[in-house]
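The values are calculated or read from the model by the stated rules, or taken from the named source; none is laboratory data. As the structure is a computational prediction, the values presented were derived from the model and not from experiment. Here the Cβ positions follow ideal geometry from the backbone for every residue, glycine too, while neighbour counts run over all protein chains shown.
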Amino acid sequence: MSDHPIARIRNFCIIAHIDHGKSTLADRLIEVTGTLSAREMEDQILDSMDIERERGITIKAQAVRLVHRARDGQDYVLNLIDTPGHVDFNYEVSRALAACEGALLVVDASQGVEAQTLANVYLALEHDLEILPVINKIDLPGADPDKVKHEIEDDIGLDAAEAILCSAKEGRGVPEILEAIVDRIPAPSGDQDGPLQALIFDSYFDSYRGVIVFIRVVNGRVKVGDTIKMMATGAQFEVSEVGVLRPKQQPVGDLAAGEVGYLAATIRNVQDARVGDTITHARRAAEVPLPGYKQAVPMVFCGLYPVATDDYQDLRDALEKLALNDASLLYEPETSVALGFGFRCGFLGLLHMEVVQERLERHYDLDLIATAPSVSYHVRRTDGEPVVVDNPVHMPPANHIESIEEPFVKVTILSPAEFVGAVMELAQSRRSVFKSMDYLTADRTQMVYEMPLSEMITDFFDQLKSRTKGYASMDYELAGYRPSDLVKLDILLAGEPVDALSAIVHRDKAANVGRQLAEKLRQLIPRQLFEVPIQAAIGAKIVARETVSAKRKDVLAKCYGGDITRKRKLLEKQKEGKKRMKQVGRVEIPQEAFMAVLKIGE
Amino acid sequence: MEAYVAALEREISSYSGCAMPRGGVLDAATLYLGGGTPSLLEPGLLERVLSAAHRHFRLAKDAEVTLEVNPKTGSTALWRMARECGVNRVSVGAQVFDDTLLGILGRDHGVVDVSRTVGELRDAGFTDISLDLMFGLPGQDQASWDATLDRALALGPEHFSVYGLQVEPGTAFGVRAERGLLQLPGEDAERQMLDLLVAKMAEAGYRRYEISSWARPGHESAHNRIYWLGRPYLGFGSGAHSYLARRRFAHDRTIDGYLDQPLPAIPARPQPIREAMEDAVLMGLRLVQEGVSFAAFRRRFGKELDEVFGTAISRMVELGMLELRGDSLRLTPAALPVANGVFAEFLE
């Protein structure tokens with residue numbers, strides 16, 4: 001905007017591990033610059049979705065425009081772009097970083113540097129961001145800023161001499177941070193008169209105005225009435241609104257190179273405004289898009305089924321609505337013999353999957369059965385035809401399979417040295433390949449493994465946390481497909497195969513997994529009026545057998561005049577409980593049984 | 001106490017004379033004084049309650065009239081008065097023959113009180129005595145249950161009502177169970193207790209005619225049968241329940257609430273017909289010998305039993321939980337210990 005020349009704009013983000021105080025610091029910056037009054041600050045602004053807040057994570061990026069009068073007497077526009085705080089959303093993080101020139105690296109003064117921080121710092125460095133280390137929570141008794149400074153220098157290789165000591169909670173160090181942003185983060189460069197190039201770093205669906213697109217204008221300028229074009233999809237729209245985020249949306253005349261803001265253009269579908277895409281003008285289009293666009297690829301799949309078959313249409317509507325806002329959520333109808341009609345859904349990772357499930361259950365009040373998460377296998381059939389299998393049920397019969405490849409991930413683990421043995425033991429149990437181990441300091445190690453994604457999504461992170469008393473942290477990235485000797489494990493209940501319980505497992509582990517799965521199911525399936533045999537089978541071979549014995553006693557409360565109503569209520573409750581279970585053949589199976597494969601070993 | 005009895009008298013009288021259509025008097029097949037502890041009554045007050053019932057209802061000469069007895073209360077004078085007023089059956093809340101367990105249950109009587117009371121009742125001339133027993137109690141083991149059964153049988157009552165403890169949310173036990181403070185025997189141990197009960201009763205010549213009731217032939221409770229057959233009944237006093245004209249209604253549970261509002265609110269609408277049919281099956285199946293009669297169901301509802309509950313019946317017959325015997329549907333022996341699972345199938 002004209003009153004703020006490009007030289008007085010700073011675009012930055014905050015990089016921090018979960019719980020290191022990113023949201024509190026963001027709140028303080030908003031408050032100190034007078035962007036919002038204290039009353040408006042009652043809640044943390046940036047993490048606004050309830051599930052995110054409960055888990056202390058950010059899934060969607062958000063932005064806020066701060067105006068700061070610096071010591072030189074000039075007003076500066078500081079655009080803070082929030083980044084998603086979880087490895088599942090690495091790509092979104094990279095797009096948010098691409099919209100910035102600098103980053104605050106917030107490290108907890110007592111916790112120190114963690115694997116995820118490291119991963120995000122590397123991402124930031126790749127984008128040539130100026131990184132300002134901030135050591136937060138210096139007010140806490142366990143704070144050791146000097147130790148953390150050493151970690152920042154040794155683990156990350158950043159100069160921590162000018163690290164700012166801060167207590168976002170108490171507001172200490174915040175003015176210094178604002179000055180450092182002005183002084184040390186470079187102003188954006190860009191040609192305000194050149195062809196338009198604006199990077200989409202987030203979007204959401206608004207039922208009145210269509211998709212609201214968050215952008216960083218890199219070159220040129222955009223205003224209401226312009227016809228714009230999405231360079232990846234080619235879709236064209238007429239801009240109906242542009243504005244800045246204070247953090248409420250505030251329309252302005254135009255947004256020029258260097259600025260961060262939003263635009264609306266009656267876009268009906270988030271698929272047409274994908275994160276990472278470049279917006280240009282339909283006429284006088286930029287020659288090339290900004291670099292780095294990728295289409296989000298789901299890594300984890302599961303089946304979602306309504307417990308009550310009547311809810312199928314509601315589930316479809318709810319998924320449709322969620323997908324309006326979440327371009328990385330994929331879903332398509334599928335049918336299970338055991339569970340009826342449902343959807344195969346693809347997610348960026350396990351957390352993404354959990355968040356979507358929680359939203360469906362909480363916001364749309366749906367009772368769901370989720371099948372155990374699976375990955376996508378590349379199968380070559382004996383007739384030479386390649387097949388992609390993201391549901392164990394669709395695995396071709398063993399004698400039709402020439403080879404199977406599965407996705408591997410590179411996992412980086414940071415752990416105190418005393419837990420190295422425990423971490424190695426865990427990693428080895430997950431078919432992983434050891435790549436490297438470095439001592440970052442005398443008592444901190446970085447270990448790198450490659451392991452099948454399918455092994456990582458079965459509670460690897462939880463196990464890592466519990467075996468290291470919570471001290472280890474990890475990050476992962478996709479490392480490509482590799483051949484593996486895999487087999488399909490089937491589960492039979494009362495003699496009938498239950499397709500939704502099938503799993504793909506490594507041949508060497510299959511019998512063992514089968515035994516544990518059968519054992520876990522025995523614990524999860526309640527006693528019924530009859531005995532329920534549970535069998536695990538590989539092909540025709542039964543590898544494990546367990547039995548849920550029949551109910552032994554469930555009767556003999558008295559039942560006279562006054563008891564009838566009460567007794568009825570008890571029976572109704574019993575019936576209600578049965579309704580929440582899925583009847584497969586004669587057997588009633590509780591929801592959590594379909595996730596049993598994840599609970600092995602608990 | 002006097003005020004309460006007076007209120008009872010007023011309530012009982014409201015069902016006769018000008019209050020009723022055609023100024024008539026209702027027939028009553030049985031009378032049961034139970035609920036709290038009617039044996040707390042002074043003999044004179046007991047007499048007033050019973051005579052009110054006789055005045056305002058037409059009770060047959062040999063009608064079953066039961067008095068519930070707490071073994072800690074009552075006196076030979078009370079038993080004598082009860083006999084004179086036509087009480088011909090007593091139900092004694094023995095529960096267990098184990099003082100520690102009685103303490104846990106919060107009962108104020110001891111084992112000695114049970115034997116003494118039964119002796120007094122026999123001396124007073126009662127020939128129809130029922131004992132209430134309980135199992136599945138926190139801290140109860142097989143040996144203790146075995147001893148309870150032996151001592152109960154040694155008293156030679158004509159009838160037994162036996163229940164498994166049902167821990168319900170909101171009760172003192174429920175709260176403790178939620179906090180994990182209750183050491184319940186568990187399902188398998190309860191089943192063992194149940195099996196022992198069934199065996200000992202059979203051996204001693206008692207017939208199981210209802211899920212939780214055993215009797216010497218001819219001593220089955222006529223009153224309870226009314227509940228199980230879904231016939232109408234009227235309850236008077238605090239906490240008493242009634243079922244009349246297909247409406248269920250009840251008094252306030254507290255005595256003060258009852259004195260405030262001595263007439264219960266009767267629902268405007270009868271219970272839904274579906275619910276009445278479900279109740280007919282749930283309650284009727286409890287009568288393990290008779291079962292639910294197809295003919296009686298047809299007469300009462302104008303529909304066939306298997307037309308309404310076809311799916312549940314065929315599923316349970318297939319699982320060996322129900323059997324069709326002549327005109328009736330009955331629980332199989334295998335279903336008796338787990339009958340709740342069968343009942344739940346019939347709910348919509």
Checklist entry - Within region B:100-108, can one find any residue that is over 24 Å from residue B:168 (Cβ atoms), of a type outside the set (Asp, Glu) and surrounded by 15 or more Cβ atoms within 10 Å (Cβ to Cβ)? => result no
Checklist entry - Tell me, which helices (runs of 4 or more DSSP H) lie completely within region B:287-342 with 1 or more residues that are within 23 Å of residue A:527 (Cβ to Cβ) and without any contact (Cβ under 8 Å) to a residue 60 or more places away in the chain? => result B:310-318
Checklist entry - Which members of region A:89-146 meet the condition of being acidic (Asp, Glu), free of Cβ contacts under 8 Å to residues at least 60 places away in the same chain and either assigned to a helix (DSSP H, G or I) or surrounded by 23 or more Cβ atoms within 10 Å (Cβ to Cβ) (or both)? => result A:126, A:146
Checklist entry - Just a yes or no: is a residue in region B:215-226 part of a loop (DSSP other than H, G, I, E, B), free of Cβ contacts under 8 Å to residues at least 60 places away in the same chain, crowded, with 19+ Cβ neighbours inside 10 Å and more than 12 Å from every other protein chain (Cβ to nearest Cβ)? => result no
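Is at least one residue of region A:314-332 over 27 Å from the mean Cα position of the chain (by Cα) and at pLDDT 90 or above?
Within region A:314-332, not a single residue is over 27 Å from the mean Cα position of the chain (by Cα) and at pLDDT 90 or above.
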Next on the checklist: Being within 8 Å of chain B (Cβ to nearest Cβ) and more than 23 Å from residue A:519 (Cα to Cα) is the filter here; which residues of region A:567-580 pass it?
Outcome noted: A:567, A:568, A:570, A:571, A:572, A:574, A:575
Next on the checklist: more than 11 Å from chain A (Cβ to nearest Cβ) and surrounded by fewer than 19 Cβ atoms within 10 Å (Cβ to Cβ): is that true of residue B:152 in this structure?
Outcome noted: no
Next on the checklist: When you check residue A:583 against the structure, is it free of Cβ contacts under 8 Å to residues at least 12 places away in the same chain, facing another protein chain (nearest Cβ under 8 Å) and of a type in the set (S, T, N, Q), yes or no?
Outcome noted: no
Checklist entry - Regarding residue B:199, is this residue within 26 Å of residue B:134 (Cβ to Cβ) and either modelled with pLDDT under 90 or at the interface with another protein chain (Cβ under 10 Å from one of its Cβ atoms) (or both)? => result no
Item to check | Residue list for region A:373-389, filter: of a type outside the set (Val, Ile, Thr) and surrounded by fewer than 21 Cβ atoms within 10 Å (Cβ to Cβ) | outcome: A:376, A:378, A:380, A:381, A:383, A:384, A:385, A:386
Checklist entry - What is the residue count in region B:232-249 for residues that are in a strand (DSSP E or B), facing another protein chain (nearest Cβ under 8 Å) and surrounded by fewer than 21 Cβ atoms within 10 Å (Cβ to Cβ)? => result 3
Checklist outcome for this item: Checked region B:314-348 for anything more than 13 Å from chain A (Cβ to nearest Cβ), hydrophobic (A, V, I, L, M, F, W, C) and in contact with a strand residue (DSSP E or B) (Cβ under 6 Å, 6 or more places away or on another chain); matches are B:329
Checklist entry - Right, residue A:596: among the small types (Gly, Ala, Ser), at pLDDT below 90 and surrounded by 19 or more Cβ atoms within 10 Å (Cβ to Cβ) or not? => result yes
Checklist outcome for this item: Apart from one, (1) at pLDDT 85 or above; (2) crowded, with 17+ Cβ neighbours inside 10 Å; (3) within 14 Å of chain B (Cβ to nearest Cβ) all hold for residue A:558; the odd one out is (1)
Checklist entry - For region B:39-60, does any single residue satisfy the condition of being within 16 Å of residue B:129 (Cα to Cα) and within 23 Å of the chain's Cα centre (by Cα)? => result yes
Item to check | Residue list for region B:273-310, filter: farther than 27 Å from residue B:161 by Cβ and either within 12 Å of chain A (Cβ to nearest Cβ) or surrounded by 15 or more Cβ atoms within 10 Å (Cβ to Cβ) (or both) | outcome: B:294, B:301, B:305, B:306, B:308, B:309
Checklist entry - Looking at B:184, B:229, B:196, which one is within 20 Å of residue A:557 (Cα to Cα), surrounded by fewer than 16 Cβ atoms within 10 Å (Cβ to Cβ) and either in contact (Cβ under 8 Å) with a residue 40 or more places away in the chain or not aliphatic (A, V, I, L, M) (or both)? => result B:196
Checklist entry - When residues of region A:521-550 are filtered for being within 14 Å of chain B (Cβ to nearest Cβ), among the small types (Gly, Ala, Ser) and either closer than 18 Å to residue A:507 by Cα or in contact with a Leu (Cβ under 8 Å, 6 or more places away or on another chain) (or both), how many remain? => result 1
